[in-house]
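Trainee: Structure in structure tokens, see below.
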Amino acid sequence: MSTSHPPLSTMTKLSAPCKNHCPQLEARTWYWAQSKAEQYETQKSCIADFTFSPRTDARGVSLIFVNAVGGLGPNDKALRNCDVCRSALTSEFDMPPIWWEDHYVQASSYFGFREVPESAAKQKGTVSWCRFKVKHTTSVPEKAKVDYHWAKLNVFSRWYSSLNHTVILIFDPEKMRYRDDGLRVEFERSLMDIVREDDLADPFWIYPPLIDFVVRAQDKAVWQIRDLVRSIEKSRDDHAQEASILGSVSFLNMYDYQRHAVHVCETLEVAISTTEWIEKHHDGFLNGLKRGSKSMASRNITNGLLDKQNFLTGLLHRSDSNKARLNSEIGLAFNTVSVEIANATKRDSSAMRTIAFVSLLFLPATFTSAIFSTTFFKFDDNSSAWQVSDMFWLYWVVAIPLTAAAVLVWYGKSLPHKLDSLRRHATSIAGRRSHGRGERSMEEGSRENTRSVRSWTEKGDSGIC
């Protein structure tokens, strides 16, 4: 059994007790003995009573789970809004105040790293923090729509270089889920199965297992979008023999799918960028060490980060493919609508042509009947003879001007547009001709200059000044 050591540090005593019913902290500590991690202690208490005192004779890891957005009780409030508890955590683990700002809370992904110098009250080491977001979608057939939720990974780390002890604060672990396991179970499992004792000498050892968890969550998100896109494609195939496939398409759902696909691509892009940023900071940390002190464990951490970045890049390409397929389906749906509208217009046009042809058949007879039914014509029953009125010319005097006026009014509405179109066309032709003349004059001027230079050169060669 190891000998007891004085506490490395103690959670800052609160100047006033917390009255906001902030959620309790749950801390679990592992120490490595004979190259194997063993759980040493578990502590669950409010921030006011929490103490942090790791052993100094063994490398270890402390996991602290914090519900920052609210506790479990009806009166519990968000720890982020409690100035007392937030100040205590910030002071104890050297958290930058900006980490609590709203724009950090709302960000999709980020990474930060600082070195902590040694002082009378603080141990030398580093602090780092990261955030990742993943959007998961779930089809709800009974509602004919898609439900979704945002999975969030929010981690802060404090590494003590003299002890090779790492404190990891995982905020709201239940908000990051993969299948049926939460982040807590997954990360504890990686501590037992993946992390080795030599890794603890590098403060970046926590990020390969964390990003691996993000990779699996993103993989699930990408395939969920793929399943949604495939459901649209299969629905179209099932209705391919029908006269219309519009019955299988919901434009609102397709736009929702597109929105989810865009969000998945966004989170993948920022995750790749954040992973690259972690790699740069890790390289900077290793470059600050003494020459030849880069261990195999540190090199493997770098390799692990590169592997995760490469996998995330592959997922991004697959997500882009999902988005392109979805855009193709939306375009196909719109084109199908356009084709059906064109077909309907064609059918209407055919019907109108039939009506026009029937009207044309009856129009001459109707016109003849209308003319002869006027009082200008008279049939005498006694003499059985037709009589035409001497005023028949009046019909033509009235009918012809009215017809001409109707035609002029009809075409007069579109006449300004036609004149404007003709004016633009004439201006365009004139401009092209002017441009052509300008080019020809420039070519002629260029040829004239060439002839002058050639003539001057020939004179120079012959000795004539």
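The values are calculated or read from the model by the stated rules, or taken from the named source; none is laboratory data. Given the structure is predicted, the values throughout are model-derived calculations rather than measurements. Here the Cβ positions follow ideal geometry from the backbone for every residue, glycine too, while neighbour counts run over all protein chains shown.
Trainee: Identify the residue in segment 383-431 that is under 22 Å from Ala370 (Cβ atoms) and of a type in the set (Phe, Trp, Tyr) and, among all such residues, is farthest from the chain's Cα centre (by Cα).
Mentor: Among residues in segment 383-431 that are under 22 Å from Ala370 (Cβ atoms) and of a type in the set (Phe, Trp, Tyr), the one farthest from the chain's Cα centre (by Cα) is Trp386.
Trainee: Could you please find all residues in segment 212-245 being at pLDDT 75 or above and of a type in the set (A, V, I, L, M)?
Mentor: Correct list: Val214, Val215, Ala217, Ala221, Val222, Ile225, Leu228, Val229, Ile232.
Trainee: Going through segment 294-314 one residue at a time, which ones are in a helix (DSSP H, G or I), of a type in the set (Gly, Ala, Ser) and touching a residue at least 60 places away in the same chain (Cβ under 8 Å)?
Mentor: Ala297, Ser298, Gly304
Trainee: Looking at segment 101-129, I want the residues that are farther than 13 Å from Ile278 by Cβ and free of Cβ contacts under 8 Å to residues at least 60 places away in the same chain and have a partner that is in a strand (DSSP E or B) and among the polar types (S, T, N, Q) with Cβ atoms under 7 Å, at least 6 apart or on another chain. Which pairs are those?
Mentor: Arg114/Thr126; Glu115/Thr126; Val116/Thr126; Val127/Ser157
Trainee: Could you list all residues from segment 250-293 that are surrounded by 15 or more Cβ atoms within 10 Å (Cβ to Cβ), part of a loop (DSSP other than H, G, I, E, B) and more than 27 Å from the chain's Cα centre (by Cα)?
Mentor: none
Trainee: Here's something else I'd like to know. Using the structure shown, decide if Val337 is in contact with a strand residue (DSSP E or B) (Cβ under 6 Å, 6 or more places away or on another chain) and either among the aliphatic types (A, V, I, L, M) or loosely packed, with under 14 Cβ neighbours inside 10 Å (or both).
Mentor: Taking the combined requirement at face value, the residue does not satisfy it.
Trainee: Which one is surrounded by the most Cβ atoms within 10 Å (Cβ to Cβ), of the residues in segment 89-140 that are in a helix (DSSP H, G or I) and among the acidic types (Asp, Glu)?
Mentor: Quick first cut of segment 89-140, residues in a helix (DSSP H, G or I) only: 89-93, 97-100, 102-105.
Checking which are among the acidic types (Asp, Glu) leaves us with 92, 102.
Details: Glu92: 19, Asp102: 8.
So, considering only residues that are in a helix (DSSP H, G or I) and among the acidic types (Asp, Glu), the one surrounded by the most Cβ atoms within 10 Å (Cβ to Cβ) is Glu92.
Trainee: Under the condition of being surrounded by fewer than 19 Cβ atoms within 10 Å (Cβ to Cβ) and aliphatic (A, V, I, L, M), which residue from segment 294-317 is farthest from Arg216 (Cα to Cα)?
Mentor: Met296
Trainee: If you take the residues in segment 153-172 that are over 26 Å from Leu268 (Cβ atoms) and of a type in the set (Phe, Trp, Tyr), which one is surrounded by the most Cβ atoms within 10 Å (Cβ to Cβ)?
Mentor: Applying the first criterion (over 26 Å from Leu268 (Cβ atoms)) to segment 153-172 yields 158-167.
Narrowing the set further to residues that are of a type in the set (Phe, Trp, Tyr) leaves 159-160.
Working: Trp159: 25, Tyr160: 21.
The extreme case among them is Trp159.
Condition check ((1) outside any helix (DSSP H, G or I); (2) at pLDDT 80 or above; (3) touching a His at 6+ places or on another chain (Cβ under 7 Å)) across all residues:
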| site | (1), (2), (3) |
| --- | --- |
| Ala356 | no, yes, no |
| Leu360 | no, yes, no |
| Thr374 | yes, yes, no |
| Phe379 | yes, no, no |
| Met391 | yes, yes, no |
| Val407 | no, yes, no |
| His435 | no, no, no |
| Gly438 | no, no, no |
| Glu448 | no, no, no |
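Trainee: Write out, first by first residue and then by second, each pair whose Cβ atoms fall under 9 Å of each other, whose residues are 6+ apart or on separate chains, and whose first residue, in segment 379-392, is exposed (fewer than 10 other Cβ atoms within 10 Å of the Cβ) while the second is part of a strand (DSSP E or B) and hydrophobic (A, V, I, L, M, F, W, C).
Mentor: From segment 379-392, the pairs are Asp380/Trp386; Ala385/Phe379; Val388/Phe377.
Trainee: Enumerate the strands (runs of 3 or more DSSP E) found wholly within segment 1-88, keeping only those where 2 or more residues are in contact with an Asp or Glu (Cβ under 6 Å, 6 or more places away or on another chain) and either modelled with pLDDT of 65 or more or surrounded by fewer than 18 Cβ atoms within 10 Å (Cβ to Cβ) (or both).
Mentor: Working: elements: 25-33, 36-45, 60-66.
Per the criteria, 25-33.
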